[in-house]
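This report refers to the structure that appears directly beneath it.
The values are calculated or read from the model by the stated rules, or taken from the named source; none is laboratory data. This one's a predicted model, so the numbers in the text were calculated from it and none came from an experiment. All Cβ positions, glycine included, derive from the backbone under ideal geometry; neighbour counts span all protein chains shown. Remember, those area values only see protein heavy atoms, side chains included, never the ligands or the DNA or RNA. Shrake-Rupley method; radii C 1.70, N 1.55, O 1.52, S 1.80 Å.
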Amino acid sequence: MVSGKLKDLSAQQRKVIRAWCMYDWANSGYATAGGAAIFPVYFVFLFKDALGESVSILGIDLTGSSTWSLAIAFATALVAISSPALGVIADRVAIKKALLWIYTIVGSSATCLMFFSAYTGQPWLWFLAMFIIANIGFAGCLVFYNTFLPHISPRELLDDVSSRGFAYGYVGGGLLLAVHLAMILATRDTQWADLVTRIAISSIGLWWFGWALWTFRIVPEPHIPNAMNGLRPGRAMGLACRELAHTFREIKGFRVIVIYLVSYLLFNDGIQTVLNVAGAYGADTIGIPLVFNMATILIIQFVAAVGAMIFSWLAGRIGTKGALGVSLVGWSVVVLFGVAVAPLAPEQHRDFDYQLRYHPEERRYLVEAAPGEAQSVADRVWREELQAAGVAAGAGGLLREGDALDPKAAASLLSAVRQSDRAFYGVSLAGGELDGETAVGAGHTSNLGQGSIDWWPREVRSRVWKPLGLDAPYQWLLLGVGVGLVMGGSQALARSLFAQIVPHTRSGEFFAFFGFMGRVSTVFGPLLYVVVTGVVDTRVAVLSLLLLIISGGILLKWVDVVTGARAADDEDARHYAEAREALPD
């Protein structure tokens, strides 16, 4: 790789690159603070408040989360279908910046309009509709934002510039998320909670549009050597269809791009699915509390900014493809240890979910610790277990801090938990005649079961987690650090490698295909996860995603970057020659 440094560029070039990076800062607030943290949680709340746990449409039961997934799929499909044709047109007409403007205005405006959901007849429906529009804007803007990369940076600096863009985005999105979490946590359980949440949501749209103005003011429209003027809409779509058909016919001339796109489809499919299902996997299978999930998202954002720059440095030493391969090896390690995250079995009194201590003066056991966050399934089962044991509980039929049990009731509780095959919690008694007695339910997260690969988390727990004294939430945080390091590298280098092998004169067309492959990644991986979960279990489902990452990494071996770059240069030369021939004498 030819060495080069940003400082060697002119002041104007550095200014343009910085402004381009600021768009990542702008729209990452939507992806991080919105898509990852606030939007889905708030929508599920609105859905359940209006329709309950689920609603049946044409015989199909839809929950809040499945409805949300369908909305994502619908918005993504619209962009995936339309972006290749728009990309072709943008390579013939100077409209890349205009299209980026349009998608930005549409997406940020719809995000701001989510604020008004509370003032409509169907808040959940309004919020969902605005989200679909906003997500179309977000997905569409990424396609045309990426097309600027090969135009603003020399080829030898693409890794550095791409990594800086992602680093800007990780930091910007992380800062906005930190502010929002502080706002929401400060007002939760108050009358201002809903208003503050909606203010946080609308501020995401303002953040996106406001910082994007920096980009639009400074970054120029890419030069088109053979631009077509006065192209009418009908003729434009006809041109797009002909050019796409032509691309498919001459695809042999871009063999390296084809191999890379298939490789990218596979490894990106695995990575994106891991990121998308991580929250649900952590909560359902491992029992990670909400606060730790929030903290992990923040950790990932800021570590990913550092990771992007580390991998940019590594790419300068071993090449883009080599550094990308290292990041995929890192992802494989992350997935393996993600499968191995396992809660430690409670041993000390303070480790149990329910801690009861005997008070001699009252001759009863008082509940001194209890789960703070209600878990609908666990609490429903727990309520039934308490009723079966004949234990009188407090409000809602649940044991909470301050409740009291006589020794007989406490003994019945222990017996019920030990005999039940559904109890989720662990109970420990201290003092009195039952001092030191404990019971752990069969459904407790520390009970790994007899799954086909449960030996792996059991082995790692005994050899790593337990000697270190790390329980599942802290294992999760540690895993977040690993995700951040490799995520920054894989995303930045995947984009910059593609920019190295595509013709500048057809960047819109090829980056539209790149975006299309990225959107397709939101389909196959989740389907694989759903199928394997249904047939086996969630740990095997996560492990199956490793096969996608490894397959993409193996195929990456056959991506010849030098040959691909040479073919891109030849294509650019042909376009410039045609443009010169078209000039009047």
Check Lys252 against each of (1) under 21 Å from Ser83 (Cα atoms); (2) modelled with pLDDT under 65 and name the one condition it does not meet. (1)
Is it the case that Leu176 is open to solvent by 50 Å² or more (accessible area, probe 1.4 Å) and assigned to a helix (DSSP H, G or I)? no
Given (1) small (Gly, Ala, Ser); (2) touching a Leu at 6+ places or on another chain (Cβ under 9 Å); (3) free of Cβ contacts under 8 Å to residues at least 12 places away in the same chain, Ser10 misses just (2)
Does the range 376-389 include one or more residues that are in a strand (DSSP E or B) and either over 35 Å from the mean Cα position of the chain (by Cα) or modelled with pLDDT of 90 or more (or both)? no
Out of (1) touching a Ser or Thr at 6+ places or on another chain (Cβ under 8 Å); (2) in a loop (DSSP other than H, G, I, E, B), the one Gly140 does not meet is (2)
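Going through the range 143-157 one residue at a time, which ones are among the hydrophobic types (A, V, I, L, M, F, W, C) and either outside any helix (DSSP H, G or I) or more than 21 Å from the chain's Cα centre (by Cα) (or both)? Give the steps one after another, and end with the answer.
First pass over the range 143-157, keeping only residues among the hydrophobic types (A, V, I, L, M, F, W, C): 143-144, 148-149, 152, 157.
Scanning the range 143-157 gives Phe148, Leu149, Ile152, Leu157.
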State which residue is modelled with the lowest pLDDT when the search covers only the range 431-445 and only residues that are out of contact with any helix residue (DSSP H, G or I) (no Cβ under 8 Å at 6 or more places or on another chain) and surrounded by fewer than 18 Cβ atoms within 10 Å (Cβ to Cβ). Ala442
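Out of the residues in the range 464-491 meeting the condition of being part of a loop (DSSP other than H, G, I, E, B) and not charged (D, E, K, R), tell me which one is farthest from Lys321 (Cα to Cα). Steps first, answer last, please.
Going through the range 464-491, the residues part of a loop (DSSP other than H, G, I, E, B) turn out to be 469-471.
From the residues that got through so far, the ones that are not charged (D, E, K, R) too are 469-470.
Working: Gly469: 38, Leu470: 35 Å.
If we take residues in the range 464-491 being part of a loop (DSSP other than H, G, I, E, B) and not charged (D, E, K, R), then Gly469 is farthest from Lys321 (Cα to Cα).
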Failed item in (1) assigned to a helix (DSSP H, G or I); (2) modelled with pLDDT of 90 or more; (3) not charged (D, E, K, R), with Trp558 passing the rest: (1)
Within the range 125-148, how many residues are farther than 16 Å from Leu78 by Cα and touching a Gly at 6+ places or on another chain (Cβ under 8 Å)? 2
Are there any pairs with C-beta distances below 6 angstrom linking a residue in the range 482-508 that is closer than 19 Å to Leu86 by Cβ to a residue that is acidic (Asp, Glu) and open to solvent by 10 Å² or more (accessible area, probe 1.4 Å), with the two at least 6 apart or on different chains, and if so which? Pro503/Glu571; Pro503/Asp572; His504/Asp572; Thr505/Asp572
When you go through Ser428, Ser415 one by one, which is the residue that is over 30 Å from Met309 (Cα atoms), open to solvent by less than 40 Å² (accessible area, probe 1.4 Å) and in contact with a strand residue (DSSP E or B) (Cβ under 9 Å, 6 or more places away or on another chain)? Ser428
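What do you reckon, is Ser327 crowded, with 23+ Cβ neighbours inside 10 Å, in contact (Cβ under 8 Å) with a residue 24 or more places away in the chain, more than 18 Å from the chain's Cα centre (by Cα) and closer than 30 Å to Gly29 by Cα? Explain how you work it out, then say what you get.
On the way: crowded, with 23+ Cβ neighbours inside 10 Å: yes; in contact (Cβ under 8 Å) with a residue 24 or more places away in the chain: yes; more than 18 Å from the chain's Cα centre (by Cα): no; closer than 30 Å to Gly29 by Cα: yes.
The answer is no for Ser327.
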I need a count of the residues in the range 319-343 that are part of a loop (DSSP other than H, G, I, E, B) and in contact with a helix residue (DSSP H, G or I) (Cβ under 6 Å, 6 or more places away or on another chain). 4
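Which one of these is on the phi < 0 side of the Ramachandran plot, hydroxyl-bearing (Ser, Thr, Tyr), crowded, with 17+ Cβ neighbours inside 10 Å and at pLDDT below 75: Thr215, Thr273, Thr247? Show your work before the answer.
Details: Thr215 fails: at pLDDT below 75; Thr273 fails: at pLDDT below 75.
Matching residue, one of Thr215, Thr273, Thr247: Thr247.
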Just checking, does the range 415-423 include any residue being within 23 Å of Thr538 (Cα to Cα) and assigned to a strand (DSSP E or B)? no
Which numbered condition in (1) touching a strand residue (DSSP E or B) at 6+ places or on another chain (Cβ under 7 Å); (2) at pLDDT 90 or above is the only one that Gly322 fails? (1)
Restricting the search to the range 168-182, which residues are out of contact with any Asp or Glu (no Cβ under 8 Å at 6 or more places or on another chain) and small (Gly, Ala, Ser)? Gly173, Gly174, Ala178, Ala182
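Anything in the range 25-45 that is within 15 Å of Thr215 (Cα to Cα) and open to solvent by 10 Å² or more (accessible area, probe 1.4 Å)? List them, or say none. Lay out the reasoning, then the answer.
Filtering the range 25-45 down to residues within 15 Å of Thr215 (Cα to Cα) leaves 25-28.
Result: Trp25, Ser28.
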Report yes if Asp406 is loosely packed, with under 15 Cβ neighbours inside 10 Å, modelled with pLDDT of 85 or more and charged (D, E, K, R), otherwise no. yes
Among (1) assigned to a helix (DSSP H, G or I); (2) at pLDDT 90 or above, where does Met237 come up short? (2)
Select from the range 149-159 the residues that are open to solvent by less than 30 Å² (accessible area, probe 1.4 Å) and either touching a helix residue (DSSP H, G or I) at 6+ places or on another chain (Cβ under 6 Å) or over 17 Å from Arg18 (Cβ atoms) (or both) and list them in ascending order. Leu149, Pro150, Ile152, Ser153, Leu158, Asp159
Of the numbered conditions (1) surrounded by fewer than 24 Cβ atoms within 10 Å (Cβ to Cβ); (2) of a type in the set (Gly, Ala, Ser); (3) closer than 25 Å to Val326 by Cβ, Ala494 fails exactly one; give the number of that condition. (1)
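Matching residues to (1) of a type outside the set (Val, Ile, Thr); (2) in contact with a Leu (Cβ under 8 Å, 6 or more places away or on another chain); (3) modelled with pLDDT of 80 or more:
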{"residue": "Gln491", "(1), (2), (3)": "yes, no, yes"}
{"residue": "Arg495", "(1), (2), (3)": "yes, yes, yes"}
{"residue": "Val502", "(1), (2), (3)": "no, no, yes"}
{"residue": "Ala512", "(1), (2), (3)": "yes, yes, no"}
{"residue": "Pro526", "(1), (2), (3)": "yes, no, no"}
{"residue": "Thr533", "(1), (2), (3)": "no, no, no"}
{"residue": "Val542", "(1), (2), (3)": "no, no, yes"}
Among the listed residues Arg458, Arg495, Arg506, identify the single one that is closer than 23 Å to Ser551 by Cβ and either part of a helix (DSSP H, G or I) or of a type in the set (S, T, N, Q) (or both). Arg495
